[in-house]
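K.L.:
Below you'll find the structure I mean.
The values are calculated or read from the model by the stated rules, or taken from the named source; none is laboratory data. Just so we're clear, the structure is a prediction, and the values are computed from it rather than from any experiment. Virtual Cβ from ideal backbone geometry, glycine too; neighbours counted across all protein chains shown. The area values use the complete protein model at the heavy-atom level, side chains included, leaving out ligands, DNA and RNA. Shrake-Rupley method; radii C 1.70, N 1.55, O 1.52, S 1.80 Å.
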Amino acid sequence: MRSTERSGIGRRTRGELIRGDSLVHIPAIWLWVGVVIVVALLIGQFFRKPGQVAWVILRNIVLGCLFVFAVNWVGSYAHFHLPFNPLTALTAGFLGIPGVAALIALKLWIFTGN
């Protein structure tokens, strides 16, 4: 057995990132804290300017749906199709063009044979 195997160097467990030569452990609670902070900020924005925020969300959802339809229209020439369901509509709606790009990347990465 090599000395690195005995000392535990090189082994990673879930929730650890490598920074340089040392491992940094990130507990799952901090990820949830980040999610709660982002949701609280979004709710705060909504109550501050409800009409404006609702309009922006509605606009983004409509544009996201149009982007998915555009990808399917252009992709029909290359036999590429993104399914249109609530998950893809929300992803495209809330994230916009980067969300559609992420959906395309996931489709090509996960379902390469389809």
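K.L.:
Enumerate the helices (runs of 4 or more DSSP H) found wholly within region 1-85, keeping only those where 1 or more residues are at pLDDT below 85 and within 21 Å of the chain's Cα centre (by Cα).
P.N.:
28-48, 50-75
K.L.:
Hey, can you tell me all the residues within region 54-72 that are farther than 24 Å from Ile43 by Cβ and open to solvent by 50 Å² or more (accessible area, probe 1.4 Å)?
P.N.:
Of everything in region 54-72, those that are farther than 24 Å from Ile43 by Cβ and open to solvent by 50 Å² or more (accessible area, probe 1.4 Å) turn out to be Leu66, Phe67, Phe69.
K.L.:
In region 87-114, which residues are open to solvent by 100 Å² or more (accessible area, probe 1.4 Å) and either of a type outside the set (A, V, I, L, M, F, W, C) or at positive phi (or both)?
P.N.:
Selection gives Thr112, Asn114.
K.L.:
Something else: State yes or no: is Gly75 touching a residue at least 24 places away in the same chain (Cβ under 8 Å), in contact with a helix residue (DSSP H, G or I) (Cβ under 9 Å, 6 or more places away or on another chain) and open to solvent by less than 100 Å² (accessible area, probe 1.4 Å)?
P.N.:
No: the conditions fail for Gly75.
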